[in-house]
Amino acid sequence: MHSKSSPLDFIIVGQGIAGTVMSQILLEQEKKIVLIDDWNYSASSKVSAGLYNPIVFKRLTKSWRVDELLPFAEIFYKRLEQQLNERFFFRKEIIKLFSEENEKIFWLKKAKEEGLKEYLAEAIEEVFFPESLNSPLGAGNVRKAGYVDVKKMLSIYREFLRKQNILVEEKFNYSDLLIQPDQIEYKGIRAKKIIFCEGFRATENPWFQWLPFKLSKGEILTIKVEGPCPDQVINKGVFLLPLGNNLYKVGSTYHWEDLNEQPTEKGKIELCEKLERILKIPYQIIAHEAGIRPTVSDRRPLIGIHPQHPAITVFNGMGTKGAMLAPYFAAHFSLVLEGKETLNKEVTILRFWNG
Ligand SMILES: Cc1cc2nc3c(=O)[nH]c(=O)nc-3n(C[C@H](O)[C@H](O)[C@H](O)COP(=O)(O)OP(=O)(O)OC[C@H]3O[C@@H](n4cnc5c(N)ncnc54)[C@H](O)[C@@H]3O)c2cc1C
């Protein structure tokens, strides 16, 4: 797996979307890596819908840095699909069902704005899929949205890592890490740097206790509808993401207490109530899952090199938007690690370091 004489470039801890994308970016740059992951079943990435939406619906503004993040993410996922010879990245329009007349008026105004019109369609659907959906006030259409089947991508990528013989399938034990200024060693594996991508479990990491995670639990259903339903993503209070064969993901809840990974009756009821305000046809629940998002107090990623241990680094805080954020910021961080770029001030962990 590694040579005794020369250290690897990186050990990566965690194979959620953050660790997976980071590994791929580094491998594309011909870096030598090993990834350690214990494949926590309900890790946020594995229950994620993988949706990316260029629009913040509350204010009808563009999502943070979407003009840079989105094209980068699309090219990255397509390239990875080609490499692995599998499909897990899909473009899908999002149909926003209106809740009140003013929302429609606001939409039409915003859709004319420079910068927004490439994402918001100007034409309004007067009713949308009336045979199955409650849409009496019509709907607006978001372009350039889509989703990544994250669970599938991670499983395929895991197989790829196994075949390359660069995956260690076990829990990383922090007390076994030997730290020097210019390298680290973990159970005989030496590397120039370690990149921690543990998702919400970073709260157990002894070197990053000062990072202000504000974790949020999310629950999500998979349902089978009994009747015709659209092939676009539907949004109103919850989203309905079509998976084919009448299957849809319905999500998600946001809760900041009871941070465990168990699906709850309360979460299920909340999702079903919101769903039934949209859906007119019967459905069955096929699956109910929960995960904990690595959300952060200021809602920006947590990326950087530990200020006291240059060999220890972190790539985390993808929050509610791992699918869209991870590719761009993994590429950016890889250049920072090579000294070719300066870390973006909005994402650097140093914004929280008080010495
Ligand atoms: C219900 C729900 C719906 C969501 N929907 C969306 C969505 O539609 N679009 C979107 O972009 N985002 C969505 N998200 C958020 C998204 O899932 C997160 O942004 C993303 O998953 C974070 O990925 P991560 O790799 O940082 O963490 P994780 O997915 O938690 O991965 C961390 C990995 O590290 C491993 N690990 C941790 N500690 C150790 C250790 N000590 N030793 C070994 N391995 C370790 C874990 O086993 C795991 O495999 C959703 C989240 C939830 C919960």
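Do we find that V127 is within 16 Å of the ligand (Cβ to nearest atom) and among the β-branched types (V, I, T) in this structure?
Against the criterion (within 16 Å of the ligand (Cβ to nearest atom) and among the β-branched types (V, I, T)), V127 does not qualify.
Taking the condition out of contact with any Cys (no Cβ under 6 Å at 6 or more places or on another chain), within 25 Å of W210 (Cα to Cα), in the same structural domain as A43 (by TED's automatic domain parsing) and of a type outside the set (A, V, I, L, M), does H255 pass? First the steps, then the outcome.
Values: out of contact with any Cys (no Cβ under 6 Å at 6 or more places or on another chain): yes; within 25 Å of W210 (Cα to Cα): yes; in the same structural domain as A43 (by TED's automatic domain parsing): no; of a type outside the set (A, V, I, L, M): yes.
It is false that H255 is out of contact with any Cys (no Cβ under 6 Å at 6 or more places or on another chain), within 25 Å of W210 (Cα to Cα), in the same structural domain as A43 (by TED's automatic domain parsing) and of a type outside the set (A, V, I, L, M).
Report those strands (runs of 3 or more DSSP E) wholly inside the stretch 39-143 carrying at least 3 residues which are in contact with a Lys or Arg (Cβ under 7 Å, 6 or more places away or on another chain).
In the stretch 39-143, the matching strands (runs of 3 or more DSSP E) lie at 139-142.
I'm trying to understand the selection: among the residues of the stretch 196-220, which are surrounded by fewer than 21 Cβ atoms within 10 Å (Cβ to Cβ) and under 15 Å from the mean Cα position of the chain (by Cα)?
Answer for the stretch 196-220, where residues must be surrounded by fewer than 21 Cβ atoms within 10 Å (Cβ to Cβ) and under 15 Å from the mean Cα position of the chain (by Cα): just L215.
Going by the structure shown, is E30 surrounded by 15 or more Cβ atoms within 10 Å (Cβ to Cβ), away from the ligand (no atom under 16 Å from the Cβ), modelled with pLDDT of 95 or more and of a type in the set (D, E)?
Values: surrounded by 15 or more Cβ atoms within 10 Å (Cβ to Cβ): no; away from the ligand (no atom under 16 Å from the Cβ): yes; modelled with pLDDT of 95 or more: yes; of a type in the set (D, E): yes.
No.
Looking at K274, K266, K321, can you tell me which residue is more than 10 Å from the ligand (Cβ to nearest atom) and either in the same structural domain as K192 (by TED's automatic domain parsing) or surrounded by 13 or more Cβ atoms within 10 Å (Cβ to Cβ) (or both)?
From the options K274, K266, K321, the qualifying one is K274.
Restricting the stretch 15-27 to residues that are within 14 Å of the ligand (Cβ to nearest atom) and of a type outside the set (S, T, N, Q), which is farthest from T203 (Cα to Cα)?
Selected residue: I25.
Restricting attention to the stretch 34-92, and to residues there that are surrounded by 14 or more Cβ atoms within 10 Å (Cβ to Cβ) and among the acidic types (D, E), which single residue is farthest from the ligand (Cβ to nearest atom)?
So, considering only residues that are surrounded by 14 or more Cβ atoms within 10 Å (Cβ to Cβ) and among the acidic types (D, E), the one farthest from the ligand (Cβ to nearest atom) is E86.
Under 7 Å between Cβ atoms, which residue pairs at least 6 apart in sequence (or on different chains) link something in the stretch 121-144 that is more than 15 Å from I94 (Cβ to Cβ) with a partner that is among the basic types (K, R)?
Filtered contacts from the stretch 121-144: E122/K112; S132/K280; N134/R277; N134/K280; L137/K104.
Here are some residues: K193, K171, K187, K152. Which one is free of Cβ contacts under 8 Å to residues at least 60 places away in the same chain and either out of contact with any Pro (no Cβ under 9 Å at 6 or more places or on another chain) or crowded, with 19+ Cβ neighbours inside 10 Å (or both)?
Every option except K187 fails the conditions.
Looking only at the stretch 191-204, decide whether some residue is assigned to a strand (DSSP E or B), at pLDDT 95 or above and within 11 Å of the ligand (Cβ to nearest atom).
Checked the stretch 191-204: at least one residue is assigned to a strand (DSSP E or B), at pLDDT 95 or above and within 11 Å of the ligand (Cβ to nearest atom).
So is I12 within 10 Å of the ligand (Cβ to nearest atom), over 27 Å from L243 (Cβ atoms), among the β-branched types (V, I, T) and crowded, with 22+ Cβ neighbours inside 10 Å or not?
Yes: the conditions hold for I12.
Give me the pairs, please: first residue somewhere in the stretch 34-47 and on the phi > 0 side of the Ramachandran plot, second residue anywhere and modelled with pLDDT of 95 or more and within 6 Å of the ligand (Cβ to nearest atom), beta-carbon distance under 9 Å, and either six or more positions apart or on two chains.
Sorted first by the residue in the stretch 34-47, then by its partner, the pairs are W39/Q15.
The values are calculated or read from the model by the stated rules, or taken from the named source; none is laboratory data. Because the structure is predicted, anything quoted here is derived from the model rather than measured. Neighbour counts run over all protein chains shown; Cβ positions are idealised from the backbone, glycine included.
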